[in-house]
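To keep things clear, I will list the structure first and then write my remarks on it.
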Amino acid sequence: MCILLGIIAIITAISNLVFTFLNKDAKWFRFISMSFTALTICSFYSANIEFVLKGDLNALMDIVPSLSKTLFILTIISILINSVSLFKKNK
């Protein structure tokens with residue numbers, strides 16, 4: 001589920017950039033992209049809760065350290081990409 005939500009967030013972020021540079025209104029793409037970014041984070045932590053409830057500490061120790069850093073970096077990138085349309089001057 002994380003992957004699907006993340007892919008949708010990426011597609012809408014790219015759409016946001018394309019519409020921004022074509023001088024069209026991109027506010028809905030920005031909103032949808034940030035929403036799916038948030039849902040991706042929630043889905044990741046929801047999956048981790050399942051590991052905790054099942055007592056699968058090996059899965060937690062294997063997945064969480066690397067993916068949490070990656071998710072943090074990708075969230076920052078998503079914020080930066082989606083903020084481009086806020087600061088671009090329309091002609």
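The values are calculated or read from the model by the stated rules, or taken from the named source; none is laboratory data. Because the structure is predicted, anything quoted here is derived from the model rather than measured. Note that we place each Cβ from the backbone using ideal geometry, even for glycine, and neighbour counts take in every protein chain shown.
Pairing each residue of the range 41-52 that is closer than 12 Å to Ile63 by Cβ and among the small types (Gly, Ala, Ser) with any residue that is at pLDDT below 90 and assigned to a helix (DSSP H, G or I), provided the two are 6+ apart or on different chains, yields C-beta distances under 8 Å for Ala47/Cys2.
Does Ser83 meet the test of being modelled with pLDDT of 85 or more, under 16 Å from the mean Cα position of the chain (by Cα) and surrounded by 14 or more Cβ atoms within 10 Å (Cβ to Cβ)? For Ser83, the condition - modelled with pLDDT of 85 or more, under 16 Å from the mean Cα position of the chain (by Cα) and surrounded by 14 or more Cβ atoms within 10 Å (Cβ to Cβ) - is not met.
On the given criteria, is Ile3 of a type in the set (Val, Ile, Thr), touching a residue at least 12 places away in the same chain (Cβ under 8 Å) and closer than 24 Å to Val64 by Cβ?
Criteria not met by Ile3.
Only one of the numbered conditions (1) of a type outside the set (Val, Ile, Thr); (2) in contact with a Lys or Arg (Cβ under 8 Å, 6 or more places away or on another chain); (3) on the phi < 0 side of the Ramachandran plot is not met by Asn23, and that is (3). Would it be correct to say that Thr70 is among the polar types (S, T, N, Q), over 18 Å from Ser83 (Cα atoms) and part of a helix (DSSP H, G or I)? Yes: the conditions hold for Thr70. May I ask you to verify whether Val18 is surrounded by 11 or more Cβ atoms within 10 Å (Cβ to Cβ), more than 23 Å from Met1 (Cβ to Cβ) and either modelled with pLDDT of 90 or more or β-branched (Val, Ile, Thr) (or both)? Spelling it out, Val18 is indeed surrounded by 11 or more Cβ atoms within 10 Å (Cβ to Cβ), more than 23 Å from Met1 (Cβ to Cβ) and either modelled with pLDDT of 90 or more or β-branched (Val, Ile, Thr) (or both).
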